[in-house]
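Below is one structure, written out as structure tokens; comments come after it.
The values are calculated or read from the model by the stated rules, or taken from the named source; none is laboratory data. All of these numbers come straight from a predicted model, not from anything done at the bench. Cβ atoms come from the backbone with ideal geometry, glycine included; neighbour counts cover every protein chain shown.
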Amino acid sequence: MKILNILLILISFIYKIKGEIDCVTHSNDPSCVNYEYPIFNIRVDINRLCSSMPYMPICSIQKSCKQVRSSNGTCDEFSILGDSCTHDMPGMSGCNNFKKLCSKDSVIKQCSRIQSIKNLPKTMDIFSSIKSICNDMAMDGCEKCTKLSPSCAVLPIYSSLCLQMEGMSQCSNWTKMCSPSGNLLNLPISSGICI
Ligand SMILES: *[C@@H]1O[C@H](CO)[C@@H](O)[C@H](O)[C@H]1NC(C)=O
Ligand SMILES: *[C@@H]1O[C@H](CO)[C@@H](O)[C@H](O)[C@H]1NC(C)=O
């Protein structure tokens, strides 16, 4: 116990001498402008989100980006994390660091480079659209979404339903997400989602 305490004091002492600031908790500090949140941590956060809610859109997006070997723009993993944490599920613990890093008064440039998927609907809104579509009409894919479970990857399933039945009123958010004025339609991951 004593040795551990001494070690901790020593570590914090060295830390102070180096004058380094923890940019996650002090994202408004001018010295943090060029701070980059490590890719390892980004992946830990995404994994945390996707192991508790594997059906969320960002989990499918991450998979698609891997498949098409894209890692920039909207497929940059920090942008993927942002899709969940600024918009879909900011309350989840996997978003704690992101919310600090990119808080309102953050100076970190990495936050301003984020490219979000435009008009990406929220997990719960997509799920209720799926339920409503499947209630109106039994279609392929509905069997995976009798409840919100890992088998119900909401984004690809909603998309496949709407690709079959574009005219359904419950597909209005899909139409918006995939409209030519958005960005998803022209991304390499649009196949199976918009086209
Ligand atoms: C990502 O990289 C590819 C290949 O280098 C390039 O064609 C594309 O324009 C880039 N996309 C963005 C959004 O920067
Ligand atoms: C579309 O998304 C909005 C929020 O972005 C939501 O309020 C609305 O209920 C959704 N519409 C449908 C038909 O699911």
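If a residue has to be within 16 Å of ligand 2 (Cβ to nearest atom), hydroxyl-bearing (Ser, Thr, Tyr) and within 8 Å of the chain's Cα centre (by Cα) to count, how many in region 71-101 make the cut? Qualifying residue count, region 71-101: 1. Screening Thr175 on (1) under 25 Å from Phe78 (Cα atoms); (2) hydroxyl-bearing (Ser, Thr, Tyr); (3) within 16 Å of ligand 2 (Cβ to nearest atom) shows it passes everything except condition (1). Taking the listed residues Ser149, Ser191, the one that is under 22 Å from Ser71 (Cα atoms), surrounded by fewer than 17 Cβ atoms within 10 Å (Cβ to Cβ), not assigned by TED's automatic domain parsing to the domain that holds Ser52 and not aliphatic (A, V, I, L, M) is Ser191, with no other qualifying.
Checked against (1) under 17 Å from the mean Cα position of the chain (by Cα); (2) in the same structural domain as Cys65 (by TED's automatic domain parsing), Ile117 meets all criteria but (2). Restricting attention to region 125-150, the residues that are closer than 18 Å to Ser60 by Cα and in contact (Cβ under 8 Å) with a residue 24 or more places away in the chain total 8.
Contact annotation: residue pairs with Cβ atoms under 8 Å, 6 or more positions apart or on different chains, pairing a residue in region 70-82 that is within 13 Å of Gly94 (Cβ to Cβ) with a partner that is outside any loop (DSSP other than H, G, I, E, B) and near ligand 1 (Cβ under 8 Å from one of its atoms), are Ile80/Thr74.
If you filter region 102-152 down to residues that are in contact with a Ser or Thr (Cβ under 6 Å, 6 or more places away or on another chain) and over 24 Å from Ile39 (Cβ atoms), you find that the one that is nearest to ligand 2 (Cβ to nearest atom) is Gly141.
Among the candidates Leu161, Leu184, the residue that is of a type outside the set (Phe, Trp, Tyr) and either free of Cβ contacts under 8 Å to residues at least 12 places away in the same chain or more than 16 Å from ligand 1 (Cβ to nearest atom) (or both) is uniquely Leu161.
For region 164-171, check the following and say yes or no: at least one residue is closer than 23 Å to Cys75 by Cα and either within 16 Å of ligand 2 (Cβ to nearest atom) or part of a helix (DSSP H, G or I) (or both).
Here is the first cut: in region 164-171, the ones closer than 23 Å to Cys75 by Cα are none.
For region 164-171, residues closer than 23 Å to Cys75 by Cα and either within 16 Å of ligand 2 (Cβ to nearest atom) or part of a helix (DSSP H, G or I) (or both): absent.
If the condition is being touching a residue at least 60 places away in the same chain (Cβ under 8 Å), away from ligand 1 (no atom under 16 Å from the Cβ) and basic (Lys, Arg), then region 83-116 contributes only Lys100.
Within the group Ile21, Ile14, which residue is assigned to a helix (DSSP H, G or I), at pLDDT below 95 and more than 22 Å from His87 (Cα to Cα)?
Values: Ile21 fails: assigned to a helix (DSSP H, G or I).
Just one listed residue meets the conditions, Ile14.
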